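Remarks on the structure that follows.
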Amino acid sequence: MKASKTFGLFFFTIGLAFTVIGYSSYAQGATLRFLLSGPVFVLAGLAMVIVPGTEYTNKDLRTKRIAANDVFLKAPLKAKIIWAVAGGIGFIISTAFRDLLASFFE
């Protein structure tokens, strides 16, 4: 599996957990605002799975042939733009629609 897909699945999973915990706590009146960043991680992770970027594999990371940040730094510009746009859409969702999304967890 490509390393960027692994990072994407990790971000997606963390984002999903942040979204569920953040919006359910927000609906109950808690102010854990950093958890409202969940949609950013979900959409950025999904974009990394769909558009993986580099050809590095998990084996390259395990054998320390490359650094973990090389997956992001050496990705093509097209992939970086898609990842950034997906994260931006996630940010818009988390800020503009947080009350709407919180109503689903009531």
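Residue pairs whose Cβ atoms lie under 7 Å apart, sitting 6 or more positions apart in sequence or on different chains, and linking a residue in segment 67-92 that is among the aromatic types (Phe, Trp, Tyr) to a partner that is surrounded by 13 or more Cβ atoms within 10 Å (Cβ to Cβ), are 83/44; 83/47; 83/48; 91/40. When 78, 64, 59 are screened for being modelled with pLDDT of 85 or more and either surrounded by fewer than 16 Cβ atoms within 10 Å (Cβ to Cβ) or basic (Lys, Arg) (or both), only 78 passes.
With the structure loaded, tell me whether residue 25 is small (Gly, Ala, Ser), over 17 Å from the mean Cα position of the chain (by Cα) and not in a loop (DSSP other than H, G, I, E, B) or whether it fails that test. Spelling it out, residue 25 is indeed small (Gly, Ala, Ser), over 17 Å from the mean Cα position of the chain (by Cα) and not in a loop (DSSP other than H, G, I, E, B). When residue 43 is tested against (1) within 17 Å of residue 96 (Cα to Cα); (2) at pLDDT below 85; (3) not hydroxyl-bearing (Ser, Thr, Tyr), exactly one condition is not met: (2). Restricting attention to segment 81-106, the residues that are surrounded by 15 or more Cβ atoms within 10 Å (Cβ to Cβ), of a type outside the set (Val, Ile, Thr) and at pLDDT 75 or above total 6. Considered as a group, the residues in segment 29-68 that are under 21 Å from residue 92 (Cβ atoms) and not in a helix (DSSP H, G or I) include one that is nearest to the chain's Cα centre (by Cα), and that residue is 51. Restrict the check to segment 18-36 and report whether at least one residue is of a type in the set (Ser, Thr, Tyr), out of contact with any Phe, Trp or Tyr (no Cβ under 9 Å at 6 or more places or on another chain), buried (at least 16 other Cβ atoms within 10 Å of the Cβ) and in contact (Cβ under 8 Å) with a residue 24 or more places away in the chain. No, every residue in segment 18-36 fails to be of a type in the set (Ser, Thr, Tyr), out of contact with any Phe, Trp or Tyr (no Cβ under 9 Å at 6 or more places or on another chain), buried (at least 16 other Cβ atoms within 10 Å of the Cβ) and in contact (Cβ under 8 Å) with a residue 24 or more places away in the chain.
The values are calculated or read from the model by the stated rules, or taken from the named source; none is laboratory data. Since the model is a prediction, treat every value here as computed from it, not as a measurement. Note that each Cβ is placed from the backbone with ideal geometry, even for glycine, and that neighbours are counted across all protein chains shown.
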